[in-house]
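Working notes, structure below.
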Amino acid sequence: MLRSLVRKADADATPEATVQDENDNHIIGSPPALTDRGDAVSRRAEVRHAIAMAVPMVITTSSRAVMDIVDYMMITKLGVVEAQAAILPAQIVMYSYIILGLGLVSLVSTLASQSLGRKEHRECGAYAWQALYLAALFGLVGFAVRPLLPGLIALFDHESAVQVMELSYSRIAILTAGPTVAAYGLGWFFVGVHRPWVTMWSAIEANVVNIAVSYVLIFGRLGFEPLGIAGAAWGTFAAVSYRALRLLLTLIGPKASSMFHTRTTWRPSANRMWRLIRVGLPCGLQWLCDVAVWAIFVNFLVGTKFGTIHLIATNTAWQYMRIAFLPTMGVGQALTALVGKSIGAGQPQRAIRETRFAILITLAYMGSLSLIYALLGGRLIALFNADPAIVKIGATIMICAASFQLFDAIGITYTSGLRGAGDTFIPSMVFIISNWVILVGGGWLIATMRPELGSLGPWIAAAVLIAFTGVFMWWRWHSRAWMKIDLFQPSPSEEGSDVPLKGNGDASSAAVSAVTNSAS
């Protein structure tokens, strides 16, 4: 179905706008030609192509939510409240390290998609390999910092039984750093070259692995000793390792190799690695900041200040928030690839139309969930934990979450569009500063001055932060500053490089400049 949508979109395109995949004997991810006004045929093709990209990415990101929610449901069946309180803080500790690598390799999608738009297919494959080298580095460092985990978790000052659970999970979860970064980097490569179904199927298969391994190890089936919360961590390790291997085999398979030369572009490249780091580092720092401030939020502003009951309520509400923002992030990942290819092909007006369509989808989705959270929040919390105190606290958090869903949709969507254009530095810096000032500073201020609000106080600060971020990203996109960015313009260190960049890059830059000038 998804491939037929892509083929149908390409059938409406002009012949010059298509890219023939000789391995599959069908047109892959090929947008229709840009027209000044966007005629009806082109518009229909764009919509079909956007849907064909977005649907598998929504499934991909949602599968991660399913993985975490299934783990959480299994943990609740243990009947150990300390495990329920521990799993989210422990996951945040893990992601506080891994997220920097994920942010770096996320720009593989931007660079691969822009290279695809420029018809530089060798460059696409080369960037996938650079992501693998970064993943190997993160895996080694993650293993090296493992002895530091007890001291880090002790800083949270949670109840001793909760700390034991957190440490049990974190010691295993940190081992997933390398395979997680590798799996995500390769997944973003396939999204960037407009083959999102490859990423989708790898994520679905990884979920199956996680469910099977976690169930066996958490509860001690098939002759294994029950490991409790540690079994969930081993399930995640098995899942992400499987996914990384699955995607690597596809990368070096005959189809990808023939189209993107992945068997001959494996060598480390200083120039490509530098470009990936230069553009991806702001995203990596932004994502690191995001996890770090939410770690402070969950562990200190909620857990330490208000206790285990508030921590469980926040953990439970968080499971539902994932249902909202992870699919939206899937649409955003598809949008990054769509915008990247349009920019690479010198079609910025097409990128604007693609972003407009994406924002309509995400606003409709998250707007619907905001109504559900506001009206049924308490009942949703009770599905995980029927304790009246937890349900009461969780219901107020769900109402707060309902208030910022639309802003979250705006922020995620426009950030993704900006990332596709390579506009990462200014958005990331604003994001980092606002997170520390509004979420950490404001959350601490409310929790200190209005303690009677309980954990709702810090959540109010979170709502303010998400609203501010959404408005800023909307403004940044509409400022059109991203139109002036050329990721492939050689830096001084790249002048005279023996790896020339080929394709229609000059034409692309000229087209973007023309639209920028007309917009000004």
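The values are calculated or read from the model by the stated rules, or taken from the named source; none is laboratory data. Worth saying up front: this structure is predicted, and the values here are computed from it rather than measured. As a convention, Cβ positions derive from the backbone with ideal geometry for all residues, glycine included, and neighbour counts pool all protein chains shown.
Test ILE361 against the stated conditions and say whether it is over 15 Å from MET321 (Cα atoms) and assigned to a helix (DSSP H, G or I).
So ILE361 fits the description; yes.
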**Message:** If a residue counts only when it is of a type in the set (A, V, I, L, M, F, W, C) and at pLDDT 90 or above, which helices (runs of 4 or more DSSP H) contained entirely in region 120-189 have at least 2 such residues?
**Reply:** 121-144
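Residue by residue through region 208-239, note down the ones that are part of a loop (DSSP other than H, G, I, E, B), under 16 Å from LEU167 (Cα atoms) and either among the polar types (S, T, N, Q) or touching a Gly at 6+ places or on another chain (Cβ under 8 Å) (or both).
From region 208-239, those part of a loop (DSSP other than H, G, I, E, B) are 220-228; that's our starting set.
Then keep just the ones that are under 16 Å from LEU167 (Cα atoms); that gives 227-228.
Scanning region 208-239 gives a single hit, LEU227.
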**Asked** Filtering region 435-449 down to residues that are closer than 13 Å to PHE468 by Cβ and surrounded by 19 or more Cβ atoms within 10 Å (Cβ to Cβ), which residue is nearest to the chain's Cα centre (by Cα)?
**Response** ASN435
**Asked** If the Cβ limit is 7 Å and pairs must be 6+ apart or interchain, which residue in region 92-112 that is farther than 13 Å from TRP294 by Cα pairs with which residue that is of a type in the set (Lys, Arg)?
**Response** THR110/ARG419; LEU111/ARG275
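Could you identify the single residue in VAL279, VAL291, VAL339 that is under 17 Å from the mean Cα position of the chain (by Cα), over 30 Å from PHE156 (Cβ atoms) and modelled with pLDDT under 90?
Working: VAL291 fails: over 30 Å from PHE156 (Cβ atoms); VAL339 fails: modelled with pLDDT under 90.
None of the other options fit; the residue is VAL279.
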